[in-house]
Amino acid sequence: NPWFKLKGVPDQEDVKAISGLEATCAESDGTAFKLELDYKLGAATQDRPEGETLNIDEFMAYDGDRLVGYLGVNCFGGAGAPPEAMGMVHPGYRRSGIFRALHNLAVSEWRRRGVKTALLLSDGRSESGQAFIKTTGAAYHHAEYEMYLRSDADFAVRLEGGVAFRKTSNADAWEVARQNAIYFGDDPEHGEGKPLMPEAEEQRGMTIFLAEAGEAVVGKVHLQLVNGLGGIYGLGVLPEHRGKGLGRAILQEGVRWLKAAGAAEIMLQVATENKNALHLYESCGFRTTSTMDYFELKL
């Protein structure tokens, strides 16, 4: 009894079903997923302007009351950042066209929204995921390591003088967008021209900080804490302030902030080709647990 459910954001029941399918696939295949379900739950509780149309980012395939396939879309970085899509199919339902149908539904939605480029994600160890992406014509774009802080890592030694964090507000949105453009190549003028709004991100559980040394803004970082898991994202140091140990100082201050907030574990992601950042994270006690490949799909 196959049917599809399409939604803008998931609710608690959806997340429970998706998490169960994720656990089944992870156990069967030994692979990792980047679904950001807790982040999406935060978006579900966010107030929206009256009359605003909610984009469809959740694509679910059911057999009766059993979730057997899922494709989820995340939009990070504000305007100019391509949507990221990742999904899975229950091992007992593969090779039946389920994921192809989910993918086609997502592509139709992206075209409706005028999206020109999307990123398809797959764990480097997933044979089925890698094989499917090849059939779409998507080209390899980059890969990221997922890293976790070792429990024995010592953060007692911190850079003298260090950095101070200032929580951003919506008034800082264009500064955050400007730094994202420097670090990650995002185009804040692309699409609808709307930057990432820090106060909306905080409602979803992601707090954005500007890092300051003295009176100067030297970089930024995004910190998330969900169910005891702390995440460090979007960390960067402005070019004119590099070579002073400020990247390490921002990382250490981020770890301190997350631990003080109650994080039992702390993770981050880093592009595999970013050797300087990789060495920094390793020297601070982070270890690689999985590798996620990103493929660029032109629409």
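The values are calculated or read from the model by the stated rules, or taken from the named source; none is laboratory data. This structure is a prediction, so every number in the text was calculated from the model and none was measured. Methodologically, a virtual Cβ is constructed for each residue, glycine included, from the backbone with ideal geometry; neighbour enumeration extends over all protein chains shown. Accessible surface is based on the protein model in full, side chains and every heavy atom, while ligands, DNA and RNA are left aside. Shrake-Rupley method; radii C 1.70, N 1.55, O 1.52, S 1.80 Å.
Data for the structure
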{"item": "Where a residue in segment 223-237 is touching a residue at least 40 places away in the same chain (Cβ under 8 Å) and within 23 Å of F184 (Cα to Cα) and its partner, wherever it lies, is outside any strand (DSSP E or B) and open to solvent by 10 Å² or more (accessible area, probe 1.4 Å), with Cβ under 6 Å and at least six apart", "result": "Q224/G205; G236/Y183"}
{"item": "Tally of residues being of a type in the set (G, A, S) and surrounded by fewer than 22 Cβ atoms within 10 Å (Cβ to Cβ) across segment 86-107", "result": "4"}
{"item": "Matching option when the condition is farther than 30 Å from A138 by Cα, open to solvent by 20 Å² or more (accessible area, probe 1.4 Å), among the acidic types (D, E) and free of Cβ contacts under 8 Å to residues at least 24 places away in the same chain, among E265, E199, E240", "result": "E240"}
{"item": "Selected residue (only one of E58, E13, E22, E84 is touching a Gly at 6+ places or on another chain (Cβ under 7 Å) and at pLDDT 95 or above)", "result": "E58"}
{"item": "Complete set of residues in segment 150-169 that are at pLDDT 95 or above and either under 21 Å from the mean Cα position of the chain (by Cα) or β-branched (V, I, T) (or both)", "result": "K167, T168, S169"}
{"item": "Qualifying positions in segment 104-126 - small (G, A, S) and within 20 Å of F4 (Cβ to Cβ)", "result": "A106, S108, A118"}
{"item": "Residue tally, condition in a loop (DSSP other than H, G, I, E, B) and in contact with a strand residue (DSSP E or B) (Cβ under 8 Å, 6 or more places away or on another chain), over segment 97-123", "result": "1"}
